[in-house]
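The values are calculated or read from the model by the stated rules, or taken from the named source; none is laboratory data. Note that the structure is a prediction, hence the values are computed from the model and not measured. Ideal geometry is used to build each Cβ from the backbone, glycine not excepted, and the neighbour counts take in all protein chains shown. Remember, those area values only see protein heavy atoms, side chains included, never the ligands or the DNA or RNA. Shrake-Rupley method; radii C 1.70, N 1.55, O 1.52, S 1.80 Å.
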Amino acid sequence: MSDRRRWWRRAAVATLLLAAALAILRLWPHAPLRERIPLSTVITDRHGAVLRITLASDAQLRLWTPLEALPPALIEAVLLHEDQHFFRHPGINPVALLRAAATTASGGPKLGASTITMQLARLLSRRNTRSLGGKLRQIGAALWLEVRHNKREILEAYLNAAPYGGNLQGVGAAARLYFGKAPADLDLAETLALAVLPQAPGTRTPREVEGDSLRAARLRLYARWQARHPEASAQAALVTRQLKFDRAAPPFAAPHFTTMVLREASASPLSAQGRGTGEPIQTTLDLRLQQLLERRLKSHLAVTAREGVRNASVLLLDSRDMGLRTWIGSADFFDAAIEGQVDGLTARRSPGSTLKPLLYALAMDQGLIHPLSVLKDAPTHFGPYAPENHDGGFLGPITAHDALIRSRNVPAVQLAARLANPTLYRFLKSAGVALPMSERHYGLALTLGGGEVSPLELAQLYAMLANRGVLRRAQWQLSSREADHAALRLLSEEASFMTLDILRDNPRPDEAIYRPSRHRITPAWKTGTSWGFRDAWTAGVIGPYVMVVWMGHFDGQSNPALIGIHTAAPLFFDLADALRAAEPKLAEVIFRNPPRLAKVEVCSASGDLPNVDCPQRSRSWFIPGVSPIRLSEVHRRLRLDKRTGRIACADAPASTVREEVYEFWPSDLMRLFAQAGIPRRPLPPAGDCGAAGKPDGVLRPPQIVSPIAGLSYVVRADELGVKTLPLQAHADAATTTLHWFADGAYLGHSAPGGLLAYAPVHSGRLLLTVSDEQGGSDSRELLVQLAD
């Protein structure tokens with residue numbers, strides 16, 4: 001008896017040790033089985049709709065579906081068909097193995113004896129298990145899996161790795177690509193089909209309709225299913241029908257966007273949580289809006305193709321969270337004729353005049369203008385650079401509001417020349433625009449599209465206006481909070497508000513026939529056309545959205561039809577109207593009024609505070625303490641000699657004079673008025689006062705416009721005394737002659753607005769002075785530098 005007790009005691013100890021060893025092996029930290037299975041990358045939109053499924057690293061299509069997301073009927077059907085004793089065996093079924101071995105040895109048909117665990121072991125190791133050695137290794141691997149993982153983990157891994165024909169593996173991928181459904185939405189016939197397919201994927205792989213082998217296996221399983229579930233007999237007609245399989249290609253929506261997402265996810269570890277792990281990468285894109293704008297774009301290009309315009313890129317950004325809602329990189333990703341796989345939204349192109357709103361906002365912040373400030377649209381030289389307007393003409397005095405809406409080039413360049421701390425170049429660099437060359441390389445032409453930006457960069461700049469001057473980066477990943485952390489204020493709330501307020505007054509290109517609906521969101525928008533008619537742009541803010549439209553050719557081909565207002569703007573409003581129709585509740589983003597913004601009455605002719613003689617007045621936004629508000633000097637009351645009509649002398653008796661109000665315009669603007677056929681009453685000549693003194697009503701002194709203040713004039717040593725620069729000044733219309741001096745030395749004379757060529761004879765600093773006949777003068781320092 002003592003020997004028997006010792007034997008039982010030893011057996012008990014051995015059992016306990018074995019149990020402890022198994023528990024330690026089970027509890028010892030180990031990687032989940034899903035990490036051993038290469039998975040496809042799934043990219044979804046913000047609502048979970050699948051945009052794209054990529055191949056796994058082993059060129060298979062696998063979508064990880066957690067066990068709890070699979071319908072119980074599918075799990076039961078798989079176990080019924082593959083391994084009824086799965087939850088009761090240790091990874092192998094000894095009875096089935098012995099029966100299969102005996103049948104094979106006796107020359108009978110081969111019987112399957114592999115459990116689900118053994119099948120998973122083969123799928124993970126990818127070994128040949130047809131030989132005896134391979135089968136033994138498979139058995140060992142199955143036992144090891146059972147030791148290290150619980151049954152639910154093993155079953156989940158198998159269902160996500162089971163072969164379904166071709167490069168399709170796992171029930172998640174099979175359900176989606178064969179039936180266009182999630183596994184939870186399968187009917188009983190489809191469930192049984194997916195249960196029997198992995199047993200013989202080579203012979204049972206369906207084409208368009210179910211093959212005989214698959215149908216027979218499915219009906220055999222249905223018979224066994226009815227034995228367990230008699231109520232399933234009611235579905236006989238549904239189950240016994242011949243199934244149709246529509247093996248769809250993996251989703252490939254928004255191809256340029258998903259390609260960008262995969263690139264960004266690979267480059268940023270923080271953004272790669274779904275890259276090949278089975279976890280979907282949920283993006284900010286809205287597939288419904290993407291498809292809507294794609295359809296409208298295709299329809300629009302069918303019309304513009306007659307003018308040779310067949311390609312466009314469209315970006316839609318939600319300024320509230322900076323999420324990218326629509327990303328159309330080209331008109332057709334698969335059209336080689338337009339180089340459709342090029343992503344136009346990241347390509348850098350000349351933006352034309354689309355940067356002007358940023359320029360005007362900067363000028364407002366630097367106290368150079370307010371919306372009704374009057375600017376000069378007149379011939380102007382900036383050293384050798386003489387900007388022109390797109391129509392080749394000049395309008396004379398024009399408000400900042402109208403100059404921006406009408407996209408006048410000369411006033412914009414004049415403003416750019418006056419910007420400081422920051423200049424437009426420095427502003428764009430701080431906003432993240434990748435300008436590769438130096439500021440000197442671009443010069444003032446940067447204002448008119450002399451640099452290159454991408455539509456994505458442009459959208460971020462317009463979103464900054466929509467967000468009241470705060471720059472945030474566009475986001476492609478829904479869970480990202482980078483935009484909140486990287487917020488940077490580059491413009492004031494006031495300047496951003498005033499700029500968008502101006503752009504909302506920009507009339508639609510179809511204004512004459514457009515009939516607005518009750519949905520009243522007014523886009524704030526601006527067009528752009530690159531030099532040589534290579535790019536047509538429209539960018540704008542539509543309620544909470546920022547949209548950028550680019551039209552052109554990726555190879556830079558010129559086309560006279562590529563004009564922003566004629567080509568891109570109609571597409572912009574076509575898409576904007578579709579967007580507003582799709583979202584009837586869309587509304588303007590509500591902001592509080594900027595704290596420092598106020599309104600003031602100004603003289604309409606000058607944009608300055610009206611004096612008593614100003615006849616027409618308007619109200620303008622301005623920033624107290626910043627905006628340039630002074631008393632208007634355009635309208636002045638003159639005392640005229642009743643007899644001669646000339647300006648009376650200062651000491652003329654009151655009984656001999658009468659008073660009249662005249663407009664005092666600079667000479668260059670008076671010439672423009674005359675050229676445009678706009679009548680302006682000329683100023684009367686001054687009276688001959690002799691020794692009595694000056695005529696009443698002193699004229700304004702002349703103002704130097706060339707050379708530009710702060711400009712360095714660079715010449716080679718052999719060009720001193722030869723190479724000239726133009727001297728130019730403006731004066732009141734009554735002034736006839738201007739005299740020029742350099743460090744007190746007389747250079748010559750010119751008419752107001754006329755040019756005098758001057759060739760410096762030595763390098764260094766010199767003082768240029770211009771004087772009129774009344775003694776008024778203006779001076780400007782010029783630095784002459786020798787080129788290296």
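To the nearest 0.05, what FRET efficiency results for residue 712 and residue 209 with a Förster distance of 60 Å applied to their C-beta separation?
After rounding to 0.05, the efficiency reads 0.15.
Working from Cα positions, state the angle (0 to 90°, nearest 10) between the long axis of helix 132-148 and the longest principal axis of the chain.
70
So, in nm, how far is label residue 5 from label residue 79 when the simple model puts each one 7 Å beyond its Cα toward the Cβ?
Each label point lies 7 Å from its Cα, and together they span 4.4 nm.
Under the 0.36 nm per residue contour assumption, what length would be gained going from the current alpha-carbon distance of residue 288 and residue 264 to full extension?
Here the segment from residue 288 to residue 264 would lengthen by 6.3 nm.
Mind giving me the FRET efficiency for residue 674 and residue 616? R0 is 22 Å, r the Cβ-Cβ distance, nearest 0.05 is fine.
Approximately 0.55, to the nearest 0.05.
In Å², and per residue, what accessible area does the chain have when probed at 1.4 Å with the other protein chains present?
Normalised by residue count, the accessible surface of the chain is 47 Å².
Tell me the carbon and sulfur percent of the accessible area for segment 315-421, rounded to whole percent, probe radius 1.4 Å.
In segment 315-421, the share of accessible area belonging to carbon and sulfur is 51 percent.
When the chain is fully extended, how far beyond the present Cα-Cα distance does residue 302 get from residue 489, taking 0.36 nm per residue of separation?
63.1 nm
Could you state the angle between the C-alpha long axis of helix 255-267 and the longest principal axis of the C-alpha atoms of the chain, as a value from 0 to 90 degrees rounded to the nearest 10?
The angle comes out at about 80 degrees.
Keeping the other protein chains in place, figure out the carbon and sulfur percent of the accessible area of segment 165-298, with a 1.4 Å probe.
Its accessible area is 53 percent carbon and sulfur atoms.
Under a plain spin-label model, where a point goes 7 Å from the Cα along Cα-to-Cβ, how far apart in nm are residue 724 and residue 438?
2.9
Could you work out how much longer the chain between residue 633 and residue 558 gets when fully extended? Use 0.36 nm per residue separation minus the Cα distance between them, nm to one decimal.
Separation in residues times 0.36 nm, less the Cα-Cα distance, equals 22.3 nm.
Using alpha-carbon pairs under 8 Å, 6+ residues apart, how would you state the relative contact order of the chain in percent?
It rounds to 9 percent for the chain.
Considering the Cα trace of the chain, what is its radius of gyration and what is Dmax, both in angstroms?
So, for the chain, Rg and Dmax equal 39.8, 153 Å respectively.
Please give the helix 409-418 orientation as an angle from the longest Cα principal axis of the chain, in degrees from 0 to 90, rounded to the nearest 10.
90
Can you show me the helix-derived [θ] at 222 nm for the chain, built from DSSP H runs with n ≥ 4 at -39,500 (n - 2.57) apiece and divided by the number of residues, rounded to the nearest 500.
-9500 deg cm²/dmol
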